[in-house]
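For reference, the structure is listed below as structure tokens.
Nothing in this text is a laboratory measurement; each read-out follows from the coordinates by a stated rule. Quick caveat: nothing in here was measured; it's all calculated off a predicted structure. All Cβ positions, even for glycine, are placed from backbone atoms using ideal geometry, and neighbour counts span all protein chains on display.
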Amino acid sequence: MPFRRLILLGSIFWLLVQPAAEVRAELVVVVNARCGVAAMTRNEVINIFFGRNRQYFNGIEAQPVDLSDTHPDRLRFYGLLVGKDLSEINAYWSRQVFSGRMQPPAKVGSTEEVLKWVVSHPGGIGFVDLAKADARVRVVYELTP
């Protein structure tokens, strides 16, 4: 009997000390629901967020919004989208600004502000957790690990 208890206690202890699987919401790219864009490819999203394309396929000006450097979803977004960390993203934008080519997307502090930006700009595009996307925006791309 003591051996069974030892095995049971050992099993319980092992389950408790195992690192819990981190639950993360899925990140999605959203656009203003009235802009006429139904879906985007990964390359289209990259080109918009890195300033290479300034318009959607239908001619509407794309107005991307980014999260602040301290927001954890920003690191996840660029990691999933292009496999780069924030220092590489910030260095890219520093080079673009210094050369006078372009300006980085506007930055806001929360996903709620991202949604407000996207809704208030006809060509608004941003990224949020899937659970936060509502009827005011349209999901056009899902980032998967």
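At a glance:
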| quantity | calculated |
| --- | --- |
| Karplus (6.51, -1.76, 1.60) ³J(HN,Hα), θ = phi - 60°, over the stretch 81-87, in Hz, Gly and Pro reported as x | 6, 10, x, 10, 8, 5, 5 |
| Cα gyration tensor, the stretch 17-145 - rounded (a/c under 1.5), prolate or oblate | oblate |
| Local net charge near residue 33, Cβ-Cβ under 15 Å (Lys/Arg +1, Asp/Glu -1) | +4 |
| Quotient of Cα Rg and 2.2 N^0.38 Å for the stretch 67-117, N being how many residues it contains | 1.19 |
| Spacing of the two label points (7 Å from each Cα toward its C-beta) at residue 92 and residue 75, in nm | 1.8 |
| The stretch 41-104: radius of gyration and largest Cα-Cα distance (Dmax), Å | 12.0, 34 |
| ³J(HN,Hα) computed for each position of the stretch 134-145 - Karplus, 6.51 cos²θ - 1.76 cosθ + 1.60, integer Hz, glycine/proline x | 10, 5, 6, 10, 10, 6, 10, 7, 10, 8, 10, x |
| Separation in nanometres of the label points that stand 7 Å from Cα toward Cβ, at residue 53 and residue 38 | 1.6 |
